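The values are calculated or read from the model by the stated rules, or taken from the named source; none is laboratory data. Remember, predicted model here, so these are calculated numbers, not experimental data. Please note: Cβ atoms are built from the backbone with ideal geometry, for glycine as well, and neighbour counts cover all protein chains shown.
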Amino acid sequence: MRKEFDFYSRSNQLVLDGCCFAISFAAAYPIRLEAWPAGANLRQLIIWLPILITARLFVHWTRGIYRQVWQFVSFSDAIEIAKSILIVTGVLALLRFGFPGKSSFSALVKIPASVIAVEGVFSLTLSMGIRALRRIQHLHQRRAAAAGNRKVPLKRALLYGAGRAGVPAKIIPGLQELLAGQVELSQLREPRVEEVLGRERVEVTGFEEIAGMAYAGKRVLVTGGGGSIGSELVRQLARLKPSRIAFLDKDENSIYELEQELCSLKPAGQVEPIVADVRNPNRLRAIFSDFRPQVVFHAAAHKHVPLMEMHPCEAVLNNVGGTQTVLDLCAELGVSRFVFISTDKAVNPASVMGATKRLGELMVQSAARRKGLSAACVRFGNVLGSRGSVVPLFNRQIALGGPVTVTHPEMVRFFMTVQEAVQLILCAGTLAQSGEIFVLDMGSPRKILDLAREMIWHSGFEPEKDIETRIAGLRPGEKLCEELIAANETLLPTRFGKISMVASPANDESFLARDIARLLRIARNNDRPQVFGFLSDMNLGFRTAVPVSKPESMPSAIVERSTGWQPRGTAVVL
């Protein structure tokens, strides 16, 4: 696809400024002489013109003028430009009045004082003028877009204080809402994390009716109910009026907090918090026998990639052993629907976590075909705002004043909000039959570096000026790009526009149960090298060189300054 020409890219900004400086210097001579320069004055103009342009561009660059965003140029930016202009003008004045002698060379060096003054004023005026024109153009484009699409009205911002000295960025209600009495000015809110996605929110038309038919009046169990995905599953399921909903996790604090939240909402069905470990078969059997779930969402898993590279045995015991235990009980006790929460890291896995998730997909398919369990897997990418995502980390780093660390400047990921992902998971669950793998449409992948700068901007700071981004280096198990489908897989449509089904060649399941049993024995013996080796031999696409025993030291921090990033909106600084 042909890339759209960006008239205001950093390289073109240099050209535009260079033209402004050339015009300013060339115009200063005829204004001073009241005629076009000739003789010594013309030689002086020709010799000094490239020197002056280079000097002004160099000072602009070193003082960070080209990190300014022209479409949001402000008075503080004008002050910085004036300081940069004054530096070169001051040097020219020092040469004019301080260079010794009256030789022909000194005459060539000494630019007339009036030329220096006129050139300085013109350079400042033209530099600020082209930036002001860009801001006017941007405002006109926004007004035109708003006029053409009334669904996207212009946002008004209130500025109070600035930079680091400002309380944090807030979003205020619209004027019409205030006048109509729908909201109050006191209802300032934090910028929402989904606002950095740069796209419309994913909504499923008729979601409550569709999902309600599948889950209303049912006994539903969610494993990993204290996690980001699991807890949101519980919240959305509670609105669909199941007869009973149980949420299970080994983290008592997260279970307690979710229980308190649900109690305040007073859901229609009975809410049952359960503290348990999915790796304990006897404990789970007692829970299943007592609760008798009809629908199970299995979200319990270790998900942190670098940590699981350090602790592969724990990843196997929890992600593989726990899934096996839950699947066996679901098939034995006649659960009518089972949904496994997978990840894009299961595709051509480069990490132990991804490999265990791919095994989970194969185990679900095997249970569906061999034991008649109505089951499905839902595969998707990163979830904004989840406890293991980069968003909380970036928020903490921004709050501390930076730097915001990104592992690689070219790393890209698929992103979706927790609410969007869970709504689509619940819809995909209604399609579960024979171990299908469903993939969520997550839009285009985004650069992590751009996401970091977007979050800095929405927090009321300017990237690289107020808060710096820094490259820290890839961590164990990480890939530059994640994939939602493998090379031998194709996507088929479903009745939900944002959900596709994976069509993949049949897998040889004859040795799956035996291999999983052996893998679990190796993990119980805490044999880390063998876990890596055995996973590599299981035809999962997983390959690793050396098991990681501890976090390797990161390379020296490198500051990477991208020239293509532009902020998507404005923030309110209080």
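Against the condition in contact (Cβ under 8 Å) with a residue 24 or more places away in the chain, crowded, with 16+ Cβ neighbours inside 10 Å, closer than 30 Å to V73 by Cα and hydrophobic (A, V, I, L, M, F, W, C), how does I448 come out, does it pass?
yes
This table checks each residue for (1) in contact with a Cys (Cβ under 7 Å, 6 or more places away or on another chain); (2) under 29 Å from Q294 (Cβ atoms); (3) of a type in the set (A, V, I, L, M, F, W, C); (4) surrounded by 23 or more Cβ atoms within 10 Å (Cβ to Cβ).
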residue	(1), (2), (3), (4)
R369	no, yes, no, no
V391	no, no, yes, no
V418	no, yes, yes, no
A432	no, yes, yes, yes
V439	no, yes, yes, yes
Q: Considering every residue within region 251-270, establish whether at least one is in a strand (DSSP E or B), crowded, with 23+ Cβ neighbours inside 10 Å, assigned by TED's automatic domain parsing to the domain that holds F338 and not basic (K, R).
A: no
Q: Kindly provide the set of residues from region 5-34 that are among the charged types (D, E, K, R), surrounded by fewer than 17 Cβ atoms within 10 Å (Cβ to Cβ) and either modelled with pLDDT of 90 or more or closer than 28 Å to R67 by Cα (or both), ordered by number.
A: D6, R10
Q. Can you tell me how many residues in region 495-520 are in a strand (DSSP E or B) and of a type in the set (A, V, I, L, M)?
A. 4
Q) When you go through E309, E332 one by one, which is the residue that is touching a Pro at 6+ places or on another chain (Cβ under 7 Å) and among the charged types (D, E, K, R)? A) E309
Q: Could you give me the residue pairs with C-beta distances under 6 Å whose first residue belongs to region 203-218 and is assigned by TED's automatic domain parsing to the domain that holds V296 and of a type outside the set (A, V, I, L, M, F, W, C), whose second residue is modelled with pLDDT of 85 or more and surrounded by fewer than 16 Cβ atoms within 10 Å (Cβ to Cβ) wherever it lies, and which are 6+ apart or on separate chains?
A: G217/S243
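Results for (1) outside the structural domain of S434 (by TED's automatic domain parsing); (2) of a type in the set (S, T, N, Q); (3) exposed (fewer than 15 other Cβ atoms within 10 Å of the Cβ), shown as yes or no for each residue.
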position: T469; (1), (2), (3): yes, yes, no
position: A472; (1), (2), (3): yes, no, no
position: R475; (1), (2), (3): yes, no, no
position: K479; (1), (2), (3): yes, no, no
position: T494; (1), (2), (3): no, yes, no
position: G497; (1), (2), (3): no, no, yes
position: S500; (1), (2), (3): no, yes, no
position: S504; (1), (2), (3): no, yes, yes
Q. Quick check: is even one residue across region 538-552 over 25 Å from the mean Cα position of the chain (by Cα), at pLDDT below 95, assigned to a loop (DSSP other than H, G, I, E, B) and more than 29 Å from E410 (Cβ to Cβ)?
A. yes
Q | Filter result (crowded, with 17+ Cβ neighbours inside 10 Å and more than 25 Å from V109 (Cα to Cα)) within region 42-65 | A | I65
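Only one residue in G64, G39 is free of Cβ contacts under 8 Å to residues at least 24 places away in the same chain, of a type outside the set (K, R) and at positive phi, so which one is that?
So the residue among G64, G39 that is free of Cβ contacts under 8 Å to residues at least 24 places away in the same chain, of a type outside the set (K, R) and at positive phi is G39.
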(Q) What's the number of the only condition in (1) closer than 16 Å to T343 by Cα; (2) surrounded by fewer than 19 Cβ atoms within 10 Å (Cβ to Cβ); (3) of a type outside the set (A, V, I, L, M) that G381 fails to meet? (A) (2)
**Q.** Long-range neighbours under 9 Å by Cβ, at least six apart or interchain, first residue touching a residue at least 40 places away in the same chain (Cβ under 8 Å) and within 14 Å of A78 (Cα to Cα) within region 125-145, second in a helix (DSSP H, G or I) and basic (K, R)
**A.** S127/R56
Q) So which helices (runs of 4 or more DSSP H) are wholly in region 352-449 and hold at least 1 residues that are hydroxyl-bearing (S, T, Y)? A) 352-371
Q.
Among the residues in region 271-285, are any in the same structural domain as A301 (by TED's automatic domain parsing), of a type in the set (D, E), in contact (Cβ under 8 Å) with a residue 24 or more places away in the chain and assigned to a strand (DSSP E or B)?
A. yes
Q) For the subset of region 451-473 comprising residues that are at pLDDT 85 or above and assigned to a helix (DSSP H, G or I), which member is nearest to F394 (Cα to Cα)? A) A452
(Q) Given the options L384, L400, L373, L451, name the one that is more than 17 Å from the chain's Cα centre (by Cα) and under 22 Å from P306 (Cβ atoms). (A) L400
Q. Just wondering, is there one or more residues in region 238-246 that are farther than 20 Å from F291 by Cα, of a type in the set (A, V, I, L, M) and surrounded by 19 or more Cβ atoms within 10 Å (Cβ to Cβ)?
A. no
**Q.** Selection count, region 521-533, where residues are surrounded by fewer than 17 Cβ atoms within 10 Å (Cβ to Cβ) and part of a helix (DSSP H, G or I)
**A.** 4
Q.
Pull out all pairs, ordered by first then second residue, where Cβ-Cβ is under 7 Å, the residues are six or more apart or on different chains, the first lies in region 399-423 and is on the phi > 0 side of the Ramachandran plot, and the second is in a loop (DSSP other than H, G, I, E, B).
A. G402/E468
Q.
Condition check: among the β-branched types (V, I, T) and buried (at least 23 other Cβ atoms within 10 Å of the Cβ). Does I398 satisfy that?
A. no
